[in-house]
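Peer 1: Okay, handing you the structure first.
Quick note: the coordinates plus some simple rules give every number you see, no bench work behind them. For clarity, every value in this text was computed on a predicted model and none was experimentally measured. Here the Cβ positions follow ideal geometry from the backbone for every residue, glycine too, while neighbour counts run over all protein chains shown.
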Amino acid sequence: MSSSTPNAVDSPAVITVNLFLCVVVFVSVFSFLIAPGGLAWALSKPRPKSAIPGPSGLPFLGLVFAFTSSLTHRTLAKLSNAFNAKPLMAFSVGLTRFVISSHPDTAKEILNSSDFADRPVKESAYELLFHRAMGFAPYGEYWRSLRRISATHLFSPKRVAAFGVFRRSIGVKMAGKVLSDMERNGVVEVKKILHFASLNNVMMSVFGKSYDDFGENGGEGEKLEKLVSEGYEVLGVFNWSDHFPVVSWFDFQGVRRRCRKLVSEVNVFVGEIIKQHREKRSSDGGDTAVYDGDFVDVLLDLESDNKFSDGDMIAVLWEMIFRGTDTVAILLEWILARMVLHPDIQAKAQKEIDSVIGLDRPVTDSDLDNLPYLHAIVKETLRMHPPGPLLSWARLATQDTIVGPHVVPAGTTAMVNMWAITHDERVWSEPDRFNPDRFLTEDVAIMGSDLRLAPFGAGRRVCPGKTLGLATVHLWLAQLLQKFEWVEAGPVDLGERLKLSLEMKKPLVCRAVVRA
Ligand code: HEM
């Protein structure tokens with residue numbers, strides 16, 4: 001009795017204390033979770049003194065669902081607006097801390113700073129050995145030497161010009177394929193044709209190899225297409241393991257398994273091409289001086305100086321196929337969709353081509369400088385439909401650093417929402433109107449110096465293939481517009497789907513009518 005009496009008397013007090021403790025724990029956990037930017041920011045050390053504005057997102061998950069949707073760039077743009085955080089917004093995805101800039105000034109600060117010259121390596125990229133390739137290699141000597149070598153041997157203006165004849169012949173074959181598809185089906189789905197042409201183009205400049213089967217008939221070209229498509233799929237998947245370490249034990253999405261299978265197939269495919277190059281070199285007496293044909297030979301020369309292993313070489317070569325193929329094909333598909341939707345703009349471009357080149361003379365690289373309206377169309381499409389709306393692969397802060405008035409802690413993933421910038425009415429007048437003429441009145445540089453339109457990124461990690469990419473897009477567009485009038489075969493759907501690049505959700509199907 002005596003022992004129960006005090007308990008009975010104390011119980012309301014005990015309950016009150018317990019309740020109080022529960023409330024304290026609840027409030028602290030809750031405020032922890034709703035900290036600006038969410039959980040990963042709440043856990044960050046050091047915590048920035050002036051909090052970067054941003055959504056807390058769902059408890060523990062953060063903004064996961066922005067990334068599992070296919071319109072991440074639009075969701076993030078809306079949030080930056082809502083949080084008044086265009087210059088810099090903080091958010092979390094699981095335990096990953098992000099900042100994103102939707103403003104040219106902070107975009108410039110991030111992209112041009114050596115503190116953001118690293119990239120976060122996703123599990124899929126690591127499994128695909130891309131950390132040994134240029135795009136994901138840590139900022140350091142290995143990455144620098146890859147940039148140097150490719151700048152000299154793959155992307156220099158001389159090399160890009162030297163491959164002009166080959167680009168032109170692919171353009172001619174592409175037009176032939178469009179014609180045959182039109183004769184067979186009465187309509188043409190351009191995506192596959194553009195993709196295969198682009199793949200062939202990169203294969204020739206990098207591997208010195210080309211395919212004629214347009215990815216059909218079960219040939220080597222089709223096999224390569226399948227490998228590349230699987231790579232895009234697997235790199236484009238939102239992988240929970242990248243942000244929730246516990247989940248990474250299970251590989252429940254099968255990303256690791258798919259990557260390992262793909263790597264073994266790529267090793268065989270690319271390994272065979274390297275072997276053929278080696279055999280050719282040894283049958284020619286090993287005189288390396290004569291092997292300046294393609295990028296494989298360049299890397300093989302360096303291999304003899306022990307700079308690259310076979311694995312490194314495969315990663316570097318494979319990444320070039322990856323980065324160079326999709327972007328060019330996707331951009332051209334968007335441009336053709338715009339041509340179909342805006343016949344007046346198409347007619348103006350054709351008038352320019354007719355006056356500079358005529359209907360019959362084949363277009364060459366040297367004509368391109370005389371086609372300012374065609375250039376303006378490409379710029380306007382890059383503005384409205386940037387292939388990398390979030391600049392494809394993000395950056396990583398290597399040390400605590402300042403952006404605007406804020407400290408961004410080391411280890412934060414930094415992104416630039418180029419799509420938000422190019423659709424901001426404070427940066428561009430009538431941003432939703434497709435109007436190439438705006439680039440005739442104002443010459444906007446698009447190679448990375450003007451962050452109002454930097455579809456190739458900027459700074460140390462700016463796209464090294466930008467000149468090659470643009471040379472290809474300009475030439476093929478001129479060839480396709482000279483030869484055909486592009487006409488609707490049903491409504492054109494401008495819906496988007498962000499995978500590795502920003503694709504048309506519904507592939508463009510239209511009619512290509514031979515111009516007389
Ligand atoms: C329309 C065509 C293209 C677009 C829009 C594009 C866009 C981009 C973007 C936005 C980046 C990230 C830049 C940054 O972080 O600041 C990038 C990087 C890269 N691009 Fe491109 N690209 C194109 C064509 C190409 C081509 C043709 C190649 C090669 C054949 C290529 C190879 C690369 C590589 C290797 C990187 C990684 C560079 C590094 O991290 O050091 N790209 N590209």
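Peer 1: With charges only on Cβ, +1 for K and R and -1 for D and E, what is the dipole size of segment 71-211 about its Cα centre, in debye, rounded to 20? It would help to have the intermediate numbers written out before the result.
Peer 2: Working: 21 positive and 10 negative charges, 96 e Å.
Rounded to the nearest 20 debye, it is 460 debye.
Peer 1: Return one number: the angle in degrees, 0 to 90 and rounded to the nearest 10, between the long axis of the Cα atoms of helix 190-207 and the longest principal axis of the Cα atoms of the chain.
Peer 2: 80
Peer 1: Here is a further query. Residue farthest toward the positive end of the dipole of the chain, with Cβ of Lys/Arg at +1 and Asp/Glu at -1: which of 98, 320, 162?
Peer 2: Highest projection toward the positive end goes to 98.
Peer 1: Next question. Check cross-link reach from residue 379 to the lysines: straight Cα distance under 18 Å, and skip same-chain residues fewer than eight apart.
Peer 2: Those lysines meeting the cut-off are 348, 466.
Peer 1: Using Cα positions and a limit of under 21 Å, work out the lysines in reach of residue 86, with same-chain residues fewer than 8 apart set aside.
Peer 2: 49, 78, 108
Peer 1: Next question, about the same structure. Pairs of alpha-carbon atoms within less than 8 angstrom and 6+ residues apart define the contacts here; what relative contact order does segment 116-204 have, in percent?
Peer 2: Values: 41 pairs, mean separation 15.4, N = 89.
Here the relative contact order equals 17 percent.
Peer 1: In degrees from 0 to 90, rounded to the nearest 10, what is the angle of the helix 343-356 Cα long axis to the longest principal axis of the chain?
Peer 2: 40
Peer 1: Please report the net charge: other residues with Cβ closer than 10 Å to the Cβ of residue 373, K and R +1, D and E -1. Numbers along the way, then the final one.
Peer 2: Working: positive: 348, 351; negative: 352, 437.
After counting each charged neighbour, the total is 0.
Peer 1: Rounded to the nearest Å, what's the spacing between the alpha carbon centres of segment 41-106 and segment 481-516? Just the number, please.
Peer 2: Result: 34 Å between the Cα centres.
Peer 1: Excluding residue 268 itself, what net charge comes from residues whose Cβ is under 11 Å from its Cβ, given Lys and Arg +1 and Asp and Glu -1?
Peer 2: Values: positive: 223, 275; negative: 265, 272.
Net charge around residue 268: 0.
Peer 1: What is the sum of charges, Lys and Arg at +1 and Asp and Glu at -1, for the other residues whose Cβ falls under 10 Å from the Cβ of residue 424? Working shown, then result.
Peer 2: Details: positive: 86, 426, 452; negative: 425.
Taking every other residue near residue 424 into account, the sum is +2.
Peer 1: If the reach is capped at under 26 angstrom between alpha carbons, list the lysines near residue 261, excluding any in the same chain fewer than eight residues apart.
Peer 2: Result set, ordered by chain and number: 122, 192, 209, 223, 226, 275, 499.
Peer 1: Quote the relative contact order of the chain in percent (integer), defining contacts as alpha-carbon pairs under 8 Å separated by 6+ residues. Present the calculation step by step, with values, prior to reporting the outcome.
Peer 2: On the way: 790 pairs, mean separation 109.9, N = 516.
Value for the chain: 21 percent.
Peer 1: Have a look at 182, 363, 478 and report the one farthest towards the positive end of the charge dipole of segment 103-514, computed about the Cα centre with Cβ charges (Lys/Arg +1, Asp/Glu -1).
Peer 2: Checked the options; the winner is 182.
Peer 1: Which value, in debye to the nearest 20, describes the size of the charge dipole of segment 327-425 about its Cα centre when Lys and Arg Cβ atoms bear +1, Asp and Glu Cβ atoms bear -1, and nothing else is charged? Intermediate results must be reported in sequence, preceding the final value.
Peer 2: Working: 7 positive and 12 negative charges, 41 e Å.
So the dipole magnitude of segment 327-425 works out to roughly 200 debye.
Peer 1: Go ahead and estimate [θ] at 222 nm for the chain from helices alone: -39,500 (n - 2.57) per DSSP H run with n ≥ 4, summed, over the residue count, rounded to 500. Intermediate results must be reported in sequence, preceding the final value.
Peer 2: Values: 20 runs with 268 residues, N = 516.
Calculated mean residue ellipticity at 222 nm is -16500 deg cm²/dmol.
Peer 1: Next question. To the nearest 10 degrees, how steeply does helix 466-483 sit against the main Cα axis of the chain, on a 0 to 90 scale?
Peer 2: 50
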